[in-house]
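Worksheet: the structure to be examined is printed underneath.
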Amino acid sequence: MAKVIAIKIGGAAFDSNDTTIEDIVYLQQQGKLLVVVHGGGKLITEWLSRQEISTRFVRGERVTDKATLEVATAVLAGLANKEIVAAINSLGGRAVGISGVDGALIQVRIEDIELGYVGEVVKVNTEPLEALLQAGYVPVISPVSLHSFDKPDDAPQILNVNSDLVAGEIAAAIGAERLIFLTDVAGICDQSGKLLPRLSASEAEALIASGVVSGGMIPKIKACIRALATNVTTCIINGRQPHALLREIEGQGGGTTIYK
Ligand code: ADP
Ligand code: MG
């Protein structure tokens, strides 16, 4: 199978900038093979408050209980996924939405019992992705996944998984040539807020250890490092910039590249 570009679209993709969708359609029409992974944390938070479901935190991280898992599944595999798939198809692209559950694409076990129903990836079944790519579709992946490893009898069959980590695992499993994170900042910044254009994996890890990198940037770095086990180019770019994706692929990207 020819080389694939794995793209993770974050919160910025749900805002007004739809040039990312235009870029996806354009690149597909140029014959590029693309796989898209999306998150939806902000949308989940919005729907949890609409449903008046309260959230418990452990060490700053949201605990995914049964009710939260149901909302996360509905929002990620439903609303968030279908909006992206609809946008791509409406612009003349060919996209199919798929979650980690479908075709047993992403198989997981519970990561940390204290955080509830959150999975860590054990296995990726690339067959459904290869079938969709061969048929000319962009698979658009939501990160809810199949709880097929070490499942206690009373635990749910679906677990929520961090979408950045899913993107890293998918990129590694399909041997992607590129892994591109579109986010809402210019890239990884140092303590004074200055963009760092290139970081080695160990430099990036040191930024996590020193606290310069925090929150939602941590799993992106981990995902890049995970994917770097294979022969991939990884970067984190600003999805709010018009045509950031196209510019990156054409070699004019402005974000942070992480290398082995
Ligand atoms: P996404 O929806 O793209 O996953 P997140 O909010 O989860 O976005 O992650 C991106 C965020 O990471 C940035 O908006 C920023 O607040 C945070 N962040 C933490 N440390 C850094 C850093 N050193 N450089 C850049 N962003 C950082
Ligand atoms: Mg995030």
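A few comments on the model shown:
- The selection criterion, being within 12 Å of ligand 1 (Cβ to nearest atom) and either under 18 Å from the mean Cα position of the chain (by Cα) or part of a helix (DSSP H, G or I) (or both), holds for residue 44.
- Selected residue (criterion: nearest to ligand 1 (Cβ to nearest atom)) from residues of the range 136-162 that are farther than 13 Å from residue 108 by Cβ and open to solvent by 10 Å² or more (accessible area, probe 1.4 Å): 137
- Residue 221 vs. criteria in a strand (DSSP E or B) and crowded, with 19+ Cβ neighbours inside 10 Å: no
- Pairs meeting the criteria (first residue in the range 206-231 and within 18 Å of residue 195 (Cα to Cα), second residue away from ligand 1 (no atom under 15 Å from the Cβ) and at pLDDT 95 or above, beta carbons under 8 Å, at least 6 apart or on different chains) are 224/201.
- Residues that are more than 22 Å from residue 61 (Cα to Cα), out of contact with any strand residue (DSSP E or B) (no Cβ under 7 Å at 6 or more places or on another chain) and among the polar types (S, T, N, Q) within the range 213-237 comprise 230, 231, listed in sequence order.
- Criterion: surrounded by 22 or more Cβ atoms within 10 Å (Cβ to Cβ) and either within 22 Å of residue 183 (Cα to Cα) or of a type in the set (A, V, I, L, M) (or both) - qualifying residue of 34, 27, 43: 34
- Just so you know, in the range 148-172 the residues that are within 14 Å of the chain's Cα centre (by Cα) and hydrophobic (A, V, I, L, M, F, W, C) include one that is farthest from residue 18 (Cα to Cα), and it is 172.
- Search result, residues across the range 200-216 that are open to solvent by 30 Å² or more (accessible area, probe 1.4 Å) and either within 10 Å of ligand 1 (Cβ to nearest atom) or not charged (D, E, K, R) (or both): 202, 206, 208, 209, 210, 211, 212, 214, 215, 216
- Residue check, residue 192 of a type in the set (S, T, N, Q), within 16 Å of ligand 1 (Cβ to nearest atom) and within 29 Å of residue 25 (Cα to Cα): no
- Residues that are crowded, with 18+ Cβ neighbours inside 10 Å and farther than 22 Å from residue 33 by Cβ within the range 240-254 comprise 240, 241, listed in sequence order.
- Residue count for the range 224-260 satisfying the condition of being in a strand (DSSP E or B) and out of contact with any Pro (no Cβ under 8 Å at 6 or more places or on another chain): 8.
- Complete set of residues in the range 175-188 that are within 16 Å of ligand 2 (Cβ to nearest atom) and surrounded by fewer than 24 Cβ atoms within 10 Å (Cβ to Cβ): 184, 185, 186, 187
- Condition check for residue 255: free of Cβ contacts under 8 Å to residues at least 12 places away in the same chain and within 16 Å of ligand 2 (Cβ to nearest atom): no
The values are calculated or read from the model by the stated rules, or taken from the named source; none is laboratory data. What you see is a predicted model, and the numbers here were worked out from it, not measured in a lab. Because the Cβ atoms are built from the backbone with ideal geometry, glycine has one as well, and the counts that use them run over all protein chains shown. Note: accessible area is taken over every heavy atom of the protein model, side chains too, but ligands, DNA and RNA are not part of it. Shrake-Rupley method; radii C 1.70, N 1.55, O 1.52, S 1.80 Å.
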